[in-house]
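Some notes on the structure that comes next.
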Amino acid sequence: MDTNQDTLLFRFASKSLKYFLLVLFGIAIAYVLSSGLGISQIIPILLYLLQQFLLPLGIIVLCLITTAIILESLR
């Protein structure tokens, strides 16, 4: 059995999840560093990004992964 039999949708969903989690990790590092160094001006910007952009994007990525898993299980 070939190991590269994943569909294009599954590969796209896994790459989307990877980069989404990397962005979340970067924001978490920026939050910790800004609060630790006393730069509190960036914290409202990070919270705005989380609420306005990353929450809907996270929901889209979750739906994409769910669709890819369902299609892979039917295959």
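The values are calculated or read from the model by the stated rules, or taken from the named source; none is laboratory data. From a predicted model like this one, the values you see are computed outputs, not experimental measurements. We place every Cβ from the backbone using ideal geometry, glycine too, and count neighbours over all the protein chains shown. Quick note on the areas: whole protein, heavy atoms, side chains included, nothing else; ligands and nucleic acids left out. Shrake-Rupley method; radii C 1.70, N 1.55, O 1.52, S 1.80 Å.
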Fill in: Spread of Cα-to-Cα distances over 10 Å intervals beginning at zero, given as percent, for the chain
18, 36, 23, 15, 7, 1
Worksheet entry | With Cα atoms, 0 to 90° folded angle of helix 55-74 axis to the chain main axis | 20
Worksheet, complete the sentence: With label points set 7 Å from each Cα along the Cα-to-Cβ direction at Leu33 and Leu17, the distance between them in nm comes to 2.8
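Counting only heavy atoms of the protein chains, get the accessible area per residue of the chain (1.4 Å probe) and round it to a whole Å² value.
79
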Practice prompt. Roll a 1.4 angstrom probe over the protein heavy atoms and tell me the percent of accessible area of the chain that is carbon or sulfur.
Written response: 73
Worksheet item: If one computes the Cα centroid of the stretch 39-53 and of the stretch 21-37, what distance in Å separates the two points?
Response: 11
